[in-house]
Amino acid sequence: MSEPSQTLDGWFCLHDLRKMDWAAWRRVPDEERRSIVQEFVDMVNTWKAVEEEETGSYALYTVVGHKADFIMVNLRDSMNDLDRIEQEFNKLRIADYTTQTYSYVSVVEQGNYTPPKDGSDPLDNPNMRARVYPVLPKWNHICFYPMDKKREGEDNWYSLPLEERVELMKAHGKTGRKYAGEIKQIISGSTGLDDWEWGVTLFAHDALQFKKLIYEMRFDEVSARYGKFGAFYVGNLLEPDQAQLFFDM
Ligand code: VOV
């Protein structure tokens, strides 16, 4: 039997992806449209306030391609908070013109493959705390996808000895660190919470860096042999003060 590695778990996380019914939206008179968007912006500003109080964080991005038009990511203390945020959005007038094309529930996670030897609480370390209670960067681009580690025949991540998994994750970390300052990653665990085992949320100044990093990682054994990936969602930062422009017809 191989042994599970420990995880440090922080904020709960909801990725909420919405597609606009542009045809119905076009029929709304200009002034009403602007007031509906303002109502949405007011809600985003409450998320901003929560972020300033350091009790959560948010990201708002457009989504390029057919899968959605925008993505809202919220981090909070509890699943109840996530539920409330989702329902608050659903009760806004703008929600009447959206369909939720995908959503993802997870918890921001930091692998604790090598816990402190002195038995101290890793969350006493401010760097660790910042990793599981992160402020989502407002960089130009987002890339989100869910993933699993394989349990197929010889390729079973969950039956590898812990030491081997530690080594594979070290190599993974080494590749990732080459992209320091270019890409910020938020890994959220979702085993038992959603259909995949992790959500991978990446932020970049330059969208090309997503392709470079993810391609390079495909050659690391942990991804090449054990990684399984869901759909990818990519998009661009949507600043609340740009929302009127984005939703304008
Ligand atoms: C910006 C790049 C970057 C960096 C620096 C980085 C580093 C690290 C380190 C050091 C660790 C281990 C400790 C921890 O923090 O958990 C991890 C952990 C993890 N990662 Fe990672 N990762 C990156 C980026 C990064 C990407 C792009 C992916 C997707 C993989 C791909 O092929 O598409 C990913 C996945 C994961 C996962 C699913 C885990 C948890 C696996 C588990 O079994 O526990 N990750 N990751």
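How many residues, within segment 123-149, are in contact with a Leu (Cβ under 6 Å, 6 or more places away or on another chain), farther than 22 Å from G65 by Cβ and not charged (D, E, K, R)? So the count comes out to 1. Going through (1) within 12 Å of the ligand (Cβ to nearest atom); (2) farther than 24 Å from H15 by Cα one by one, G153 falls short only on (1).
Yes/no per residue for (1) more than 20 Å from D194 (Cα to Cα); (2) assigned to a helix (DSSP H, G or I); (3) within 16 Å of the ligand (Cβ to nearest atom):
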site	(1), (2), (3)
P4	no, no, yes
F12	no, no, no
R18	no, no, no
A24	yes, yes, no
V28	yes, no, no
Q38	yes, yes, no
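Only one of the listed residues (F144, F89) is in a helix (DSSP H, G or I) and of a type in the set (F, W, Y). That residue is F89. Looking only at segment 207-221, filter to residues that are free of Cβ contacts under 8 Å to residues at least 60 places away in the same chain and touching a strand residue (DSSP E or B) at 6+ places or on another chain (Cβ under 7 Å); which one of those is surrounded by the fewest Cβ atoms within 10 Å (Cβ to Cβ)? Of everything passing the filter in segment 207-221, Q209 is surrounded by the fewest Cβ atoms within 10 Å (Cβ to Cβ).
Let me confirm something: among Y179, Y233, which residue is of a type in the set (S, T, Y), within 25 Å of M72 (Cα to Cα) and within 8 Å of the ligand (Cβ to nearest atom)? Going through Y179, Y233 in turn, the sole match is Y179. When A224 is tested against the conditions (1) buried (at least 16 other Cβ atoms within 10 Å of the Cβ); (2) near the ligand (Cβ under 9 Å from one of its atoms); (3) over 30 Å from N80 (Cβ atoms), the lone failure is (1). The residue list D124, D155 contains one member that is of a type in the set (D, E, K, R), farther than 26 Å from E54 by Cβ and more than 19 Å from the chain's Cα centre (by Cα), which is D155.
Taken together, the values in this text are just the output of simple stated rules run on the coordinates, not laboratory data. Since we're looking at a predicted model, the values are computed, not measured. Every residue, glycine as well, gets a Cβ built from its backbone with ideal geometry; the counts of neighbours run over all protein chains shown.
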